[in-house]
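One structure is given below, encoded as structure tokens.
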Amino acid sequence: MARRKSAYVTAETLAAASQRWLAAVRESVRPRPAFRIDVPRCALLVVDMLRYFAAPDGRCFLPAAGAIVPTLGGLLSGWRRAGGRVVYTRHCHEGRYDTGMLGRFFSDYIRAGEPESEILPALAPLAGEAVVRKKTYDAFLGTGMEEMLRSVGMEQILVTGVLTHMCCETTARSAFCRGFEVYVAADATADISEPLHTASLMSMADSCAIVLGSSEVLASVLKTEQADAPHIGVALETGEADAAHTGVTRGGPRS
């Protein structure tokens, strides 16, 4: 994994890159106007933003993970101001014995108790925010997260974090299969390389999730001046890449 990671985006180039990604999604995937984020029913899920991936001295540092920290931090701040629920995942293992297939597939693993297994301080959870410990890609599998979310009335999740094509996508698909509406922040998720990131966004948009930009989420959730007409989940039928429109457009399975 480490040998393939690339600095495909920086904090300074993220906004422009995100517009490219969203335009590509909207050119290919049909709109789903019935899907709209409803903050009281939606949990913002921060997937594995650990020192291991997001700190420059992490063993598997992903430059793109570092690049999304300011954007994800801004999204978290806005989401909390709106009264939204935030849930974190923390991937780690007690030892090689509980790594399962991951231990056979990869040479390294995140050890519980080591500093690299901790959530990045810049994105640290606030008091009372849940941290779900997991040991595979799917944050629902064997963690009790579904029951926790259901118990507080959550019916939607907004996925952020790393890695887009691994834990983020697997968790998004698992959520979809469990009956949650799924939303993914294109510029608050990161991967090893841009091809993997964009392919994952496209795949999720086509089959299980609404892919959005963080500014779109905040504009709608916080009802800022930029969001006087469009709503999350509403998008253009014509495929113009207009940043003021949210949701996804055209294509995908027809019903």
*Failed condition for ARG96, given (1) closer than 27 Å to ASP187 by Cβ; (2) touching a helix residue (DSSP H, G or I) at 6+ places or on another chain (Cβ under 6 Å), with all others met?*
(1)
*the stretch 125-135: number of residues that are crowded, with 18+ Cβ neighbours inside 10 Å and in a loop (DSSP other than H, G, I, E, B)*: 1
*Test each condition in (1) part of a loop (DSSP other than H, G, I, E, B); (2) over 15 Å from the mean Cα position of the chain (by Cα); (3) within 19 Å of ALA188 (Cα to Cα) for ALA122 and report the one that comes out false.*
(1)
_Looking only at helices (runs of 4 or more DSSP H) that lie completely in the stretch 145-255, which have at least 3 residues being modelled with pLDDT of 95 or more and surrounded by fewer than 20 Cβ atoms within 10 Å (Cβ to Cβ)?_
145-151, 169-177, 194-207
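The values are calculated or read from the model by the stated rules, or taken from the named source; none is laboratory data. Predicted model only: the values in this text are computed from it and were never measured. Reconstructed Cβ throughout: ideal geometry from the backbone, glycine too, with neighbour counts over all protein chains shown.
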